[in-house]
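The values are calculated or read from the model by the stated rules, or taken from the named source; none is laboratory data. Bear in mind the structure is a predicted one, so any value in this text is a computation, not a measurement. When we count neighbours, we look across all protein chains shown, and the Cβ atoms used for this are built from the backbone with ideal geometry, even at glycine. Only protein heavy atoms, including side chains, enter the accessible area calculation; ligands, DNA and RNA are left aside. Shrake-Rupley method; radii C 1.70, N 1.55, O 1.52, S 1.80 Å.
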Amino acid sequence: MPSKPPPIFEFLLFDGFSNMVLASAMEPLRDVRMNSGQEIAGWRVSTLDGAPVTSSSGLQITPDGAFDDGGDNRTLVLVAGYHVRGQVTPALLARLRGAVRRAELVLALDTAAWLLAAAGVLDGHTATIHWQELEAFAETFPKVEVSTARFVRSGAFLTCGGASTALDMMLSLIQDLYGSAAAFGASTMFVYDPSRQSELNRGAARLEQKGSPKILKAANLMAETIETPMSTAALAKRVSLSERTLARAFQRELGMTPGKYYKMLRLQHARYLSEETHLSLEQIALRCGFSSASSLGRSFSGHYGRTIREARGQEKPWDRAAQGKGGRS
């Protein structure tokens, strides 16, 4: 009896997806297929209706075809980004439930875990999502155990956040499916060449010499405490540096003080919430560590050169694409 062919990876793209997230998930598969010397699954790109899809940067992708929710022997990879709430419809959720039942594995990248949770298929499972959606995800789907891990596997589901976490997840999956050598090859050939980077004093080797692990730890702490910002002194203590050393490291590596970087993260989150939710300005201010809506408004205008209301009303590339297709059903 002939052996069962390896399951195909089907990438189902939604308007507003990130090019970097898609590449981080797809390119390691390309490397394994080219260099592993073993038979691995191919892939196809689909959209719900077979029409082109537009990324968050306005890049339009023409898919291989329309999504067939009755397909078998596949690993389903959902890639969503901005405006994920607006893409939830009863018809979509019904299609996802049917497709999930027939899939070998289901991967949800960036904000795509929101779609699976809305379909009810993540109830009782552990999952994660892009960090800017973690709080809302936990509030909206109490039957899902929400994790802050870079990626999570729970049963047949693998979920992750942004591009770097998608790469981590895919390399881990490649190791499980095709072995450690294939995963190592994909990580070194696609992501970096360690010996060459070290020789040129670039990349990870150069950053490590400059104390970047401390900077990364500090930046992660900032991202985790946007709602209740820490003082620079408290932040320095948490990463085992003096306040002065931390300030020097940020200035040397990022060209700004820790306080400025922290404020930039909070303003980025405020912008995201203003564009992706219907929260009031007062609610956004509280979630981003500002004392009032007016305080947030002044900082936002100074940083972005426009008000939050103007940013909220600005048309996005994927919105224009949707309008050109007659809007989403």
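Residue count for region 63-83, restricted to those that are over 15 Å from Phe9 (Cβ atoms) and among the charged types (D, E, K, R): 1. Taking region 53-67 as the range and being surrounded by 15 or more Cβ atoms within 10 Å (Cβ to Cβ) and either more than 22 Å from the chain's Cα centre (by Cα) or closer than 17 Å to Arg97 by Cβ (or both) as the test, only Phe67 passes. In region 70-102, the residue that is modelled with the lowest pLDDT out of those that are among the charged types (D, E, K, R) and over 15 Å from Pro7 (Cα atoms) is Arg85. Would you mind stating whether Gly50 is in contact with a strand residue (DSSP E or B) (Cβ under 9 Å, 6 or more places away or on another chain), open to solvent by 20 Å² or more (accessible area, probe 1.4 Å) and not aromatic (Phe, Trp, Tyr)? Here the answer is yes, as Gly50 does meet what is asked.
Given the condition touching a Lys or Arg at 6+ places or on another chain (Cβ under 6 Å) and at pLDDT 95 or above, answer yes or no: does some residue in region 126-146 qualify? The answer is no, given that none of the residues of region 126-146 is touching a Lys or Arg at 6+ places or on another chain (Cβ under 6 Å) and at pLDDT 95 or above.
Among the residues making up region 38-66, a single one is charged (D, E, K, R) and modelled with pLDDT under 85: Glu39. Of all residues in region 247-271, those that are over 28 Å from the mean Cα position of the chain (by Cα) and either within 22 Å of Phe290 (Cβ to Cβ) or hydrophobic (A, V, I, L, M, F, W, C) (or both) total 1. Considering only region 273-283, state which residues are open to solvent by 50 Å² or more (accessible area, probe 1.4 Å) and assigned to a loop (DSSP other than H, G, I, E, B). Matches in region 273-283: His278 only. The set of residues in region 68-87 being open to solvent by 50 Å² or more (accessible area, probe 1.4 Å), part of a loop (DSSP other than H, G, I, E, B) and not acidic (Asp, Glu) consists of Tyr82 alone.
Checking the stated criteria, Asp123 turns out to be touching a Lys or Arg at 6+ places or on another chain (Cβ under 9 Å) and among the acidic types (Asp, Glu).
Checked against the criterion of being open to solvent by 40 Å² or more (accessible area, probe 1.4 Å) and modelled with pLDDT of 90 or more, the candidates Asn19, Asn35 yield just one match: Asn19.
All of (1) modelled with pLDDT of 90 or more; (2) open to solvent by less than 50 Å² (accessible area, probe 1.4 Å); (3) not small (Gly, Ala, Ser) hold for Leu286 with one exception: (2). Scanning region 251-262 turns up one or more residues that are over 17 Å from Tyr304 (Cα atoms) and open to solvent by 80 Å² or more (accessible area, probe 1.4 Å).
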